[in-house]
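Before any comments, here is the structure.
Read-outs throughout are calculated quantities, based only on the coordinates presented, and are distinct from any laboratory measurement. Values in this document were obtained by computation on a predicted structure and should not be read as measured data. Glycine also receives a Cβ, built like all others from the backbone with ideal geometry; neighbour counts cover every protein chain displayed.
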Amino acid sequence: MKWILEFLLNPSWLSMIIIVLLGMSCEEEVIPPPVEHAKEIVVEGYVEKGEGAMPPYVILSYSFPFFSKLSTEDFAKSFINAAEVYVVYSGNRYELEKVCLKDLPVLLREQLARQLGVNPALFESADLCFYIDLMRNIPVEEKGTYYLNAIVGGDTIKAETTIPEPVELDSLYYLPVVGVDSSYREMKASLDPPEGLHYYRYFAKVNQGRFQTASRSVFTDKLFSEEGLDFRLPKPEGADTKPGDPTRFLYEVGDTVTLKWSTIDEAHYDFWRTLEYNRQNQGPFSSYTRVKSNVQGGIGIWGGMRYFIYRSIVE
Amino acid sequence: MQNYLWVILCFWVVSVGQSQVYTVSGYVKDASTGETLIGANVYDKNNTQIGASTNDYGFYSMRLEKGGHTLTASYLGYEDQEVILDLSSDQRINFNLSSGVRIEEVVVEAKKKDANISRTEMGVVELPMNEIKSLPVLMGETDILKVVQLLPGVSSAGEGSTGLYVRGGGPDQNLVLLDEAVVYNTGHMLGFFSVFNGDAVKNITLHKGGGPAKYGGRLSSVLDVRMKDGNNQSFHVKGGIGVISSKLNIEGPIVKNKASFVLSGRRTYVLDIVQPFLTGDNFKGTNYYFYDFNAKVNYTLSDRDRLYLSGYFGRDVFSYKSSKQAFSVNFPYGNATSTIRWNHLFNDRFFMNLSGIFNNYRFDFEGAAQENASFTLSSEVLDYTLKSDFEFYWNNTNTIKFGLQSMYHRLSPRTLSFNQGGQKVSSPFAPKYAVESAVYLQDDWTVTRDFEVHAGLRYSMFNHIGPYTSNLTGRTYKDWEIVKTYGGWEPRLSMKYTLNANTSLKSAISYGNQYIHLVSNSTSTLPIDVWVPSSELVPPQTGIQLSLGVFEDFLNHEYTTSIEGYYKSMGGQIDYAEYYVPNFEHELEEEFVFGKGQAYGIELFVKKQSGNWTGWLGYTLSRAERTFPEIEEGRSFKTVYDRLHDMSVVASYKLNDQWNFSGVFVYGSGKRYTPLKSLYRLDRELNVRYGPRNSAQLEAYHRLDIAATFKPKHRSKKWKDAWVFSIYNVYNRKNPLFIYYDLSTGDANGEFQAKAYKVTIFPIIPSVAWNFEF
């Protein structure tokens, strides 16, 4: 069902109507007047519980002025490597260690780069560091609340997240799609959640690829009936996806698909809900939606999640 | 209290007891069509201080002393008519004014042209259809709302749009009426054309403010559009063929001088024509068209009773089909209204109109895709209204108007249902029900020869009623049980002081409440924007407006000018929360935040209203701001429709009986938008961060349109036609509709720079339309 919401909530269909109706629009590059920009600290950190979970970690970086010309080096330099970062859990303080990727063995570096979503080419030119509970000192527990603190120069960053209780899928299956190449299937899931409101985020990877998220990766079970609901889980769009390709949300028969199905807290959900909408929302009918961050003193996300891994072969 | 009633009674007795004073009343009509004329002046030529204007139904009433009088009736675009009478009793005098010409797009010189000076209300503009039809048009479509946008104090929602922003108010703060029925969506084709078919319209009056006390429910303006009654003298067919649409209008008598009808319709066909060429996978089966239909009949039951029945039905239909994806969308939306009215004269000084009104606005967004999956998203407003308006022409210095009205609302802002593989899910949002009622009393009082006051008081009440289950308390309300009540007094006061025959000073103050709201999360006004009622969570909007103006005419009223200043303060303004993402999990009202607003400005208007050259210049210097505690951390910001400068120049030149030329030039400060201020890397992607709200402006908007109207001579007097040649955007100005950003601009060296592009939609567009009449 998610495709329906995606379509309805994406204002681009209105632009499509305009284009179909008028067919006479034209565009040209402009340089808008500059907007005052104060460098902000960006936080991306997670506390995960599930199969193969990373220890709690945080990446810190600076934002850029919107119209600045940015080289690979500029991106690399944007990472903050001189911060004091610690997490408070159950009244105990746990320091996160600084790990600089260029100091790691090549194999581990590439593996970490994949998990962190960083281009390995950046390591060559940059002193790219992140902060991690390398020795797994922090107990990662369901319903645990984790307080992040980072001191960068004179700035203090604070954030809080909770790992929610787990909600497992009842089943996962694949169905052919009418009117589409028969070698493709859509992934469907069945879920009968326990009482209460839950927030979900899912990731998927195909074969040996990396985990990716769909353009709308979070949702709740507020509209689920008492009997639960069967719903589609569109395949995340990769960089090589062709717009308009009817198979872009489908899996190919024979693929091995790994689904990472997580529950997250409300603030974590709000961050992705607003960020993903913000990413798609431009044009004459665009709206003004800001990204709701749970980070005080900066922007970004400090997110807890409890997840399950489901592996299946598309049939 | 008892003493007070005695005083009123004595005053009444004295008034009616003036034995030497008689009542002259009647209707003013177009001689050739029998159409009643709204706002025509009837006055005693020997004492021009004694006069009256016709009401919305063409009726006037005045008191004159016994003896000889020369009564004159005048109306812009018509020849004056005089009647000499020796008055010794109450008399009914009907005037039939000749316009001289018919479908011609020419403004005929009028004799009585001092309305600019003599009218007591401020911010009121009447637009005759013949004036509107003479102006350049987009794609051959005469558009009432686009002409209204050319007036000072009124700005448009953007390139080509029919959306109205009046004196810094939002698009929902305009009460748009078609034969008294509220029109909730005024635009076809996503707002590029208005729903009003010029051939079916008789009169348009814009009140930039709350207007007289009989109007209510909106803070910023009233646009009162009246449909033609239909020619009660002879049958006429009128039509037009344009670039994107054609139209046909038929009117005639049912019983001559007693009953008539008018039927008018139009339909677009631009995409019908290209259907055979839409053969690709993506567009085959894709179509768009709109149509609308107006109908009206009226019947004169007696010299005291008239019945009117009118209706409008319009739909936009968009369909999109993609054979590859087996995906289809249907998007029909539109208004339907119907009005039945009964005019009754209790006596020659006491007029009543009783109206029963139905109106409906609905859009459905229906989609279907793979494996029998389908969904429908709907939004609807449904109203039933009963209202009565009374006018008592007490004497030549006081006209008392009073009335009451009650409107039943059913609003279903969003209804979503989807079906996939037999599973059905519906949004849990039930319709909301409400009753909006009001009573009002107004006195149009000529205090002295030079000083006039229109003082009105309105009391409005809004009851949110059941069935309803409260999200706050969980309580369930039964049908008609009151959930929440709002109400309040709404005083209106307009004053005019005439300095001399060519100059007057005017001021006005009005206060109003608004209980129905259009809340948009978009920078444009769209048919998918939904109307929501006041409720437990949504308080009414409130607004007070002060205005002051100087009105001056020159050269025997050939030139009229005015300078008006206004200040408006608004409460209960509604917007979406900064973090709002459209969803179907929460009631919309749970996503709102509330704040206040202010708007102020100066309007300059210079009009040449007679001669071969006619036209006007309007200029507005204004500001419109909003403040919400939960937006921008409580800092005030300018609205999307804030325009510091807004100017329109309209000119029309009649070369001879065959050729008429016209032009429109508009200039406005650029539309405001929220710029992007920074980029940040997160989740493997570059993400954007907004700067302060509406802190940037698009380029200034300006455009020149021209038109030439040619009327061939024909031997037959009955057959008339006209060719209208228009060029929209003569110098091909690339006015931006919006700008968008491209973040995927990394080059081979790995360097990245975000880019911005402006999109323009209307280049130079020549068009031709052919109109005919017989």
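For chain B, the relative contact order comes to 10 percent (Cα pairs under 8 Å, sequence separation of at least 6). Packing here is the average count of other Cβ atoms within 10 Å per residue, and on that basis the peptides B:389-400, B:650-661, B:194-205, A:266-277, highest first, run B:194-205, A:266-277, B:389-400, B:650-661. Considering only beta bridges that DSSP places wholly inside chain B, some 95 percent are antiparallel. Rounded to the nearest 0.05, the FRET efficiency derived from the C-beta distance between A:Glu110 and A:Glu266 at R0 = 60 Å is 0.95. Cross-link partners of A:Lys222 among lysines, defined as those whose alpha carbon lies under 16 angstrom from its own and excluding same-chain residues fewer than eight positions apart: A:Lys2, B:Lys424. Amide H contacts under 5 Å for B:Val483: B:His464, B:Ile465, B:Gly466, restricted to partners 5 or more places along the chain or on a different chain, H placed in the peptide plane at 1.01 Å from N.
Between region B:607-628 and region A:197-222, the alpha-carbon centres lie 54 Å apart. Specify the angular offset, from 0 to 90 degrees and rounded to the nearest 10, of the alpha carbon long axis of helix B:2-16 from the longest principal axis of the alpha carbons in chain B. Helix B:2-16 sits at roughly 60 degrees to that axis. For region B:115-225, with equal point scatterers placed on the C-alpha atoms only and solvent neglected, what are the log10 I(q)/I(0) values from the Debye formula at q = 0.10, 0.15, 0.22 1/Å, to two decimals? The computed values of log10 I(q)/I(0) come out as -0.26, -0.60, -1.35.
With Cα atoms defining each centre, region B:234-268 and region B:20-63 are spaced 28 Å apart in the structure. Cβ-Cβ distance of A:Gln208 and A:Cys26, R₀ of 45 Å, FRET efficiency by 1/(1 + (r/R0)^6): the value works out to about 0.55.
Taking one equal scatterer on every alpha-carbon of the protein assembly as shown, how large is log10 of I(q)/I(0) by Debye at q = 0.09 1/Å? Values, matching the q order: -1.08. Taken along the Cα-to-beta-carbon direction at a fixed 7 Å, the label points for B:Tyr497 and A:Glu160 span 6.3 nm.
Residues in region B:503-509 carry Karplus couplings, in order, of 9, 9, 10, 9, 8, 8, 9 Hz; the curve used is 6.51 cos²θ - 1.76 cosθ + 1.60 with θ = phi - 60°, and Gly or Pro positions show x.
Distances between placed amide hydrogens fall under 5 Å for B:Asn96 paired with B:Lys29, all partners being 5 or more residues away or on another chain. Of the two radii for region B:20-97, the radius of gyration is 0.95 times the Kirkwood radius, both from the alpha carbons; that is the Rg over Rh value. Sequence-ordered 3J(HN,Hα) estimates for region B:536-545 from the Karplus curve with 6.51, -1.76 and 1.60 and θ = phi - 60° stand at 3, 9, 10, x, x, 7, 10, x, 10, 10 Hz, glycine and proline given as x. Going from the residue with the fewest nearby Cβ atoms within 10 Å to the one with the most, B:Trp489, B:Trp342 rank B:Trp489, B:Trp342. Relative to one another, the C-alpha centroids of region A:42-119 and region B:390-441 are positioned 56 Å apart.
Here the 3J(HN,Hα) profile of region B:430-444, calculated from phi with Karplus coefficients 6.51, -1.76 and 1.60 at θ = phi - 60°, is 8, x, 10, 10, 7, 10, 10, 10, 7, 10, 8, 9, 9, 10, 8 Hz, Gly and Pro shown as x. In chain B, the calculated helix contribution to ellipticity at 222 nm averages -1000 deg cm²/dmol per residue, counting -39,500 (n - 2.57) for every DSSP H run with n ≥ 4. For chain B, the convex hull drawn through the C-alpha positions has a volume of 190 cubic angstrom per residue. Using R0 = 60 Å, the C-beta based FRET efficiency linking B:Arg410 and A:Ile151 works out to 0.55. Peptide B:574-584 is shielded by partner chain Cβ atoms: per residue, an average of 6 of them sit within 10 Å of its Cβ. Site pair A:Met54 and B:Asn46 shows an inter-label distance of 9.9 nm when each label is modelled 7 Å from Cα along Cα→Cβ.
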